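The values are calculated or read from the model by the stated rules, or taken from the named source; none is laboratory data. The shown structure was predicted, so the numbers you read here are calculated from the model rather than taken from an experiment. Backbone-built Cβ (ideal geometry, glycine too); neighbour counts: all protein chains shown.
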Amino acid sequence: MQIVPLMAVPSQTVAPTLGGQRARINVYHRTTGLHCDVFLNDLIVVGGVVCHNASLIVRDYYRGFAGDLMFIDRQANDDPRWDGLGVRWVLTYLEAWQIYPP
């Protein structure tokens with residue numbers, strides 16, 4: 001598991017290397033909650049995903065993204081909000097073997 005560093009701002013883009021993959025993640029606030037887009041090598045993997053606590057974001061292995069992303073609430077069991085990113089809610093990268101064990 002790897003934590004993707006985020007700041008407590010309403011909209012941001014980060015470009016981490018996750019499991020050897022060059023990713024780009026947009027995290028942004030909308031009236032319907034926190035959303036994110038995930039890109040791999042500048043190609044969109046998923047877009048406009050509503051982020052929920054402890055719920056996979058990419059969800060489908062066939063999309064070509066090895067592993068998955070998930071927000072985790074460190075204090076309770078609430079869906080993430082931008083004002084607590086990086087402290088209360090952390091974005092975590094899970095490698096494929098952590099999601100789909102052999």
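Which ones in the range 27-53 are among the hydrophobic types (A, V, I, L, M, F, W, C), closer than 14 Å to THR13 by Cα and in contact with a Gly (Cβ under 7 Å, 6 or more places away or on another chain)?
Just the residues of the range 27-53 that are among the hydrophobic types (A, V, I, L, M, F, W, C), to begin with: 27, 34, 36, 38-40, 43-46, 49-51.
From the residues that got through so far, the ones that are closer than 14 Å to THR13 by Cα too are 27, 34, 36, 38-40, 44.
Within the range 27-53, LEU40 is the sole residue that qualifies.
Name the residues in the range 70-81 that are surrounded by fewer than 19 Cβ atoms within 10 Å (Cβ to Cβ) and closer than 12 Å to GLY33 by Cα, would you? Talk me through it step by step, then tell me what you get.
We begin by selecting, within the range 70-81, every residue surrounded by fewer than 19 Cβ atoms within 10 Å (Cβ to Cβ); these are 72-79, 81.
Scanning the range 70-81 gives ASP78, ASP79, ARG81.
Does the range 10-22 contain any residue that is among the aliphatic types (A, V, I, L, M), farther than 18 Å from GLY84 by Cα and surrounded by fewer than 14 Cβ atoms within 10 Å (Cβ to Cβ)?
Start the filter on the range 10-22 by keeping residues that are among the aliphatic types (A, V, I, L, M), which leaves 14-15, 18.
If we keep only those that are farther than 18 Å from GLY84 by Cα too, we end up with 15, 18.
Remaining after also requiring surrounded by fewer than 14 Cβ atoms within 10 Å (Cβ to Cβ): 15.
Yes, the range 10-22 has at least one match.
Residues of the range 1-30 being within 22 Å of ALA76 (Cα to Cα) and at pLDDT below 95, which ones?
MET1, GLN2
Among what's in the range 65-102 and is touching a Leu at 6+ places or on another chain (Cβ under 6 Å) and free of Cβ contacts under 8 Å to residues at least 40 places away in the same chain, pick the residue that is farthest from VAL27 (Cα to Cα).
If we take residues in the range 65-102 being touching a Leu at 6+ places or on another chain (Cβ under 6 Å) and free of Cβ contacts under 8 Å to residues at least 40 places away in the same chain, then ASP68 is farthest from VAL27 (Cα to Cα).
From GLY84, GLY47, GLY67, grab the single residue that is under 16 Å from GLN98 (Cβ atoms) and not hydrophobic (A, V, I, L, M, F, W, C).
On the way: GLY84 fails: under 16 Å from GLN98 (Cβ atoms); GLY47 fails: under 16 Å from GLN98 (Cβ atoms).
Result: GLY67 is the single residue among GLY84, GLY47, GLY67 that is under 16 Å from GLN98 (Cβ atoms) and not hydrophobic (A, V, I, L, M, F, W, C).
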